[in-house]
Amino acid sequence: MHTSRQLPTLMRMAETHRSQPSQEDFFLPDFCSGPVVLVVILIAELVAFLLVIARHLPGEGINLWLDLARLSLFLQWIGLTSAGVLCAVRKPLARVPLRQAAAASFVLLLITTGVLSEIAFRLSNYTGIGQAFMPLSHTGFVLRNLLICVIVSILVLRYFYLQYQWKRNVQREARARIEALQARIHPHFLFNSINTIASLIRSNPELAEHTIMDLADLFRASLKKTSPTVTLAEEMAMTQQYQRIEELRLGDRLKVNWQTDALPTDAHVPQLLLQPLLENAIYHGIETQPNGGTVEVRGTRDADILNIEISNPLPPENAPRRHGNQMAMENVRQRLMLAWPGRASLDVNSADGFYRVCVRFPYEKLAP
Amino acid sequence: MKVLVVDDELPARTRLKNLLAEIPGCEIVGEAVNGREALRLWEATQPDVLLLDIRMPVMDGLETARHLAGLDNPPAVVFTTAYDEFAVEAFNTRAIAYLLKPVRQAQLGSALANAGRLNRVQLNQLSEQTEHAARHHICARLRDKLHVVPVETIQCFIADQKYVTVCHSQGELLIDEALKDLEKEFSELFIRVHRNALVALAHVRSLEKSEDGRFLVHLHGHTEPVEVSRRMVADVRAHLRNTR
């Protein structure tokens, strides 16, 4: 019922870009694909219009439409053949440097035009068709066509190059954005955890070992360049690994009450969706309280919409101020928006002495 | 050398205690879970050195050190921190003793050895650089006992000749600070109502005109009203309106 991994469009663009550099990373588009063929037909037709308009003044006796029809036939012939030629040489050209590839494409377009002009001239002489439109000499006809081809080729190649550059910039921006958005575990957590492990090594080597494993998993996830999609069960497991480390450090001060039975464990979420929210709750709401407190994680399901609310006691008013709250929230919010544009939300409110973060997102299963 | 270990995290304290146990001549006289408790324990244990975590609930390490700096015979302070880029940067330039967690045995040893020497200078520098940040507590010695009063329980500061009287919900204290400095430090919480008085906006019950034409501020939990000087009445009234 649900589509396979509905990766955000931007991410998909970024990944395609990375995995197939030789094919996608070339300024000439695929001339065998429908949209590009359409563009070629359009360009040929526009050139035909241009030439007809330039050749005739209104009110002259010659049949304008007939001229346009013949010219269109001729130019479409050149345009589509050129597209075919470029389609055939695209793969080998993609491997050579850009300048050489551009020069080769240019020369190929000239050759195609020259050969087709020659054929057209002989054909018209042989059959007598269209002689009225070919008042020029043999060489004059071919030379004129080549000259027009030079101008049109330069414009068209330039157009495709600019389009390719624009596309590449968009992809690059998207990738940078996703990489920047990948959740980062705070350095204070890293060093506090290492300190905890250092103190455990003598007294409880086994626990120290387990803790190192938990820490390794967390950092492996947070160092990934793009945010992969995981099941909710996996994300909750990782968040609980994080929680175990914090429980060692904070002892009785930290209690986390998970009420998530209502949530489907096979729902898919961006990795590190919940962990930063729990980290935030602990950092601001638990560490600042001398006697600690309880973080509530409550999951509810509303048909195909999942809600997860994480709440923590507000820090006392006179507590030493702590920073870094907005960053983590904004990060999670943006990754939610990228994963489900317009269909997910993150809301924050504080009331009755509690700080609540509520994330809502559609229930989507991973493809098997 | 008597050492007081101050950290809100049990594993962190355990580790420091393990390391200290291996340093000859080192005696752990106590452990505290935050700055307020450390100041309380300081009385009873009279340590030579405090190993002071920076990030703690209730009262953080920096504020604790500021209160210690105000004592006649302050103990040496060595800060410990897991990761606090700003503090560490400040300390680097100011040569204040700090250790990065997890602490190395050798570094702990040399920090303790140098702690006494650095102490005076470092505490003065610390006060200098954290001056802009408002304290959350007022600390004073009364009859050889150290009192730590949370700022939110203070109703007013009344200046009297050389000292300032701190009126709070548990009683009164004398501190040796200038009213002008207190006014600057706590400008968000207190307002000057008279040449010699600051009152806590949160504790004001009412502003009234007495029978003899004087303006008086009545405070919650404080029986004596505080006089408002005539030229400050408008200002006080505006502040009270804004806070309500």
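Hey, fewest Cβ within 10 Å first, where do A:Thr229, B:Thr165 land in order? Write out the running numbers ahead of the final one.
On the way: A:Thr229 20, B:Thr165 15.
If I rank by nearby Cβ atoms, fewest first, I get B:Thr165, A:Thr229.
For B:Lys180, a cut-off of 20 angstrom between C-alpha atoms picks up these lysines, skipping any fewer than 8 places away in its own chain: B:Lys162. All other residues whose Cβ lies under 12 angstrom from that of A:Val256 are scored, Lys and Arg at +1 and Asp and Glu at -1, for a net of 0.
Using 26 Å as the Cα-Cα cut-off, could you pick out the over-long pairs in A:Lys224/A:Lys255; B:Lys184/B:Lys209; B:Lys2/B:Lys145; A:Lys224/A:Lys365; A:Lys91/A:Lys365? Mind showing how you got there, number by number?
On the way: A:Lys224/A:Lys255 29 Å; B:Lys184/B:Lys209 28 Å; B:Lys2/B:Lys145 20 Å; A:Lys224/A:Lys365 22 Å; A:Lys91/A:Lys365 38 Å.
Flagged as over cut-off: A:Lys224/A:Lys255; B:Lys184/B:Lys209; A:Lys91/A:Lys365.
When the P(r) of region A:187-362 is calculated, the portion above 31 Å amounts to 14% of the C-alpha pairs. Once both labels are positioned 7 Å from their Cα atoms along Cα-to-Cβ, the gap between A:Ala237 and B:Glu177 label points is 5.4 nm.
Give me the percent relative contact order of chain B, please, defined on Cα pairs under 8 angstrom at least 6 residues apart. Working shown, then result.
Numbers: 406 pairs, mean separation 26.9, N = 244.
It rounds to 11 percent for chain B.
With the convex hull of the Cα atoms taken as the outline of the protein assembly as shown, the averaged projected area works out to 46.3 nm².
Across region B:139-147, coupling constants 3J(HN,Hα) worked out from phi with the 6.51/-1.76/1.60 Karplus curve, θ = phi - 60°, read 10, 8, 9, 9, 6, 6, 10, 8, 10 Hz, and Gly and Pro carry x. Neighbours of B:Val148 by Cβ distance under 11 Å: Lys/Arg scored +1, Asp/Glu scored -1, total +2. Per-residue ellipticity at 222 nm, computed for the protein assembly as shown from helices alone with -39500 (n - 2.57) per DSSP H run of at least four residues, works out to -16500 deg cm²/dmol.
Legend: translational diffusion of chain B by Stokes-Einstein, Rh = Kirkwood radius over C-alpha pairs, 20 °C, 1.002 mPa s; D = 109 µm²/s. The Cβ shell under 13 Å around A:Glu296 holds other residues with a net charge of +1, Lys and Arg each +1, Asp and Glu each -1.
Cβ crowding within 10 Å ranks A:Tyr283, A:Tyr159, A:Tyr126, B:Tyr83 as A:Tyr126, A:Tyr159, B:Tyr83, A:Tyr283, fewest other Cβ atoms first. Arrange B:His220, A:His56, B:His194 by Cβ neighbour counts within 10 Å, fewest through most, would you? Ranked by crowding around the Cβ, least crowded first: B:His220, A:His56, B:His194.
Rule-based calculations on the coordinates, nothing more; no lab input. For clarity, every value in this text was computed on a predicted model and none was experimentally measured. With ideal geometry, Cβ positions are generated from the backbone for all residues, glycine too; neighbour counts draw on all protein chains shown.
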